[in-house]
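Following: one structure in structure tokens, then a few remarks.
The values are calculated or read from the model by the stated rules, or taken from the named source; none is laboratory data. For clarity, every value in this text was computed on a predicted model and none was experimentally measured. Neighbour counts are summed over all protein chains in view; Cβ atoms, including those assigned to glycine, are modelled from backbone coordinates with ideal geometry.
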Amino acid sequence: MKTNLYKILGVSAVVIMLSQSNLATAREDRAAGIKVPLPLDSAISYSVRNSRHLQLSYAKTAEAVANVHEMKDNRLPEFKVSGSYLRLNSPDVSLKVKLGSSSGGEQTQGSAVKVEQAAYGLANLSLPLFSGFRIKYGIESANYLEKAARYDAENDKEEVVLNTINAYGNLFKSMKTIELIEQSLVQQQQRVTEFSNLEQNGLMARNDLLKARLQQSNIELTLLDAQNNYNIACINMGLMLGIKDPASFVADSNAFAIPAESGNANQWEEIALKNRKDLSAIAYRKAASGAYIKSIKGEYYPGLAVTGGYIAADVPNLLTLTNALNLGIGLQYNMSSLWKTGAKLDVAKARLHQLEANEGMMTDQLHLQINQTYENYLLSMCKIEVYAKAIEQATENYRISRNKYENNLVTTTDLLEADIAQLQSRLNFAFAKVDAAIAYKKLQQTAGVLTEAAGLFK
């Protein structure tokens, strides 16, 4: 695991965090302000590897695989061995078989024989030849359910990847917020110093200085909130990566590239119909249900099997039986299936109808989801253009307000409001680019192609 960290992240600090023997060092690194670069692809890989939800999905897949093996084992012969040792209460024994005597005459063995114990052993072998297709369709149904379980796991992986991207986006947003607020705080500190000099020289009212100091305090409080949000985002990201010890991560701004061409809603819906894992899973469950119905119908047919066995017995003073081998063909038919199987078929058919109804509902829901996510993506792209213009307008407004303030045409309050508006426009623009990239990832996830886009083919 440590070798993979070196290859994927390329920094020894991550190895230190993941090593249980160096947890104290990791805490010292965070206390010292050391931050670990975290590429998005590495975050996705580790979150997929350590997701509890996916571990549960994989366990369900393993259960489905084992169920297939169990169904296939029904084709193998049944071999049973049993034996008993009995103590008897001196029963009355009367054999009707004539036994030869030592003098050459014949005698009948009667109650003179004393039997107090008995022992016997049985070995039975049965190989099914025909079971009314129950074994065949049972295996077929189990195979379909296995494929459905695998698609369920793939669908869960899509959700885990999207959750990781959302968490990564929140991490980047918190970093960007801190960066912009720190820049604004530096400017505000310079303004307070400038206003203090003017106030000391009697060129500014103390009230204006207090307004500047109040805004500086507000920005400092905002910075504290931003740093707290960053710490929480790091903790959340660490949990997704499987790191419970505190760590500070640096998100890559290049991870939020937006494609130049995104197609249209109809194209995305066609992609979704071909690639949605939940639709594939329910299709296989329908096929499994159909095979199960055929398996139930097999109960109307008799079962045919090759049988063989061995019997050995020992009753002291009475009987010794060895080498009693038998071989034959057995036919079995459960007469109650004539009036019980119909109800089982009705239940199985009702479940198949439920799956068909669910499939139709999922198809309708897919149409709605694709259009919603596509419209949200278009909205996010439009917001980028609007916020880009807002930055230009806010910057120009601050420049004009600054010039007017220097010429005593606007108040200090107007200048400070223009400064805050400029900061807010920069934050909105940075957030809009991240939101647009995440909206596109959400569109990919809705279409069922997010893991392929993230390079996770297994």
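Taken over segment 254-269, the criterion of being free of Cβ contacts under 8 Å to residues at least 12 places away in the same chain and assigned to a helix (DSSP H, G or I) is satisfied by Asn254, Asn266, Gln267.
Scan segment 298-343 for residues that are surrounded by 13 or more Cβ atoms within 10 Å (Cβ to Cβ), farther than 24 Å from Ser84 by Cβ and hydrophobic (A, V, I, L, M, F, W, C) and report the count. The total comes to 3. Taken over segment 206-238, the criterion of being closer than 20 Å to Asn408 by Cβ and either surrounded by 13 or more Cβ atoms within 10 Å (Cβ to Cβ) or modelled with pLDDT of 95 or more (or both) is satisfied by Asp208, Leu209, Leu210, Lys211, Ala212, Gln215. Exactly one residue out of Ala324, Ala251, Ala281, Ala272 is without any contact (Cβ under 8 Å) to a residue 60 or more places away in the chain and of a type in the set (Gly, Ala, Ser): that is Ala324. Here Leu223, Leu210, Leu203, Leu198 are screened, and the one residue that is in a loop (DSSP other than H, G, I, E, B), aliphatic (A, V, I, L, M) and farther than 24 Å from Ala439 by Cβ is Leu203. In segment 336-344, the condition of being at pLDDT 85 or above and outside any helix (DSSP H, G or I) is met by at least one residue. For Ser425, the conditions (1) more than 49 Å from the chain's Cα centre (by Cα); (2) in contact (Cβ under 8 Å) with a residue 12 or more places away in the chain all hold with the exception of (1).
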